[in-house]
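Input: a single structure, listed below in structure tokens.
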Amino acid sequence: MIICSRDEANKLIHDDTNLFKNDERNKDIIDYKIEPIKHGRGAGVENLTEGMRQLIAEEALVSGRTIQDIADEYGISRDAVNAYKHGATSEATYNQPNANLLEKVIEVKDNIKTQAQNKLLLAIQSLTDQKISSAKAKDIAGIAKDMSSVIRNVEGPDGPTFNNSKVLIYSPRLKEEDDYKVIEARE
């Protein structure tokens with residue numbers, strides 16, 4: 001396979017120095033096909049609406065399907081699905097996400113997080129003192145380990161965060177003797 005322009009392809013195929021072509025055994029074999037390189041949106045493919053991007057992003061986050069399956073279903077690239085899932089409209093705009101799309105992605109992720117937290121609280125509430133006291137030491141150790149992981153995941157690696165405010169207090173500069181006027185007193 002050779003990637004070249006149409007002119008270069010014709011020159012290579014019809015050139016008298018082409019050893020493959022000049023071999024009598026290959027006279028009937030020479031056949032070529034010039035295919036355009038497929039990249040970008042492609043001819044006749046419309047730009048997706050904002051609503052469609054949001055729908056694809058939500059499906060990529062919630063459905064559990066592979067990115068390739070979603071891309072095939074909507075006739076778009078895997079890169080596009082991945083970008084929508086992160087709030088961007090393309091791979092090139094990952095660092096400048098689309099505000100509306102990002103808002104939808106955050107909404108979907110918050111919904112997932114809320115559901116997970118509700119299930120977690122339900123699981124914690126079902127661990128009664130009676131169940132723990134009748135459990136084996138190995139099981140109790142596992143419960144303690146799992147609960148510490150839950151706390152770490154909820155609080156984050158640096159412990160609890162409140163509002164990340166910083167209070168800076170500056171002390172005033174002390175005045176020196178040179179800062180004052182000198183008044184000479186007579187005796």
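The values are calculated or read from the model by the stated rules, or taken from the named source; none is laboratory data. The model shown is predicted, which means the values in this text are computed figures rather than measured ones. Here the Cβ positions follow ideal geometry from the backbone for every residue, glycine too, while neighbour counts run over all protein chains shown.
See the values below:
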item: Pick from the stretch 130-186, criterion at pLDDT below 75 and charged (D, E, K, R), ranking: surrounded by the fewest Cβ atoms within 10 Å (Cβ to Cβ); result: Lys166
item: Selected residue (criterion: nearest to Gln54 (Cα to Cα)) from residues of the stretch 81-98 that are at pLDDT 90 or above, in a helix (DSSP H, G or I) and not aromatic (Phe, Trp, Tyr); result: Lys85
item: Flag for Ile70 being farther than 28 Å from Gly51 by Cβ and either more than 16 Å from the chain's Cα centre (by Cα) or part of a helix (DSSP H, G or I) (or both); result: no
item: Odd one out for Ala116, checked against (1) surrounded by 10 or more Cβ atoms within 10 Å (Cβ to Cβ); (2) at pLDDT 80 or above; (3) among the small types (Gly, Ala, Ser); result: (2)
item: Residue in the stretch 88-109 that is exposed (fewer than 11 other Cβ atoms within 10 Å of the Cβ) and of a type in the set (A, V, I, L, M, F, W, C) present; result: yes
item: Test result for Ala123, loosely packed, with under 13 Cβ neighbours inside 10 Å, of a type in the set (Gly, Ala, Ser) and under 25 Å from the mean Cα position of the chain (by Cα); result: no
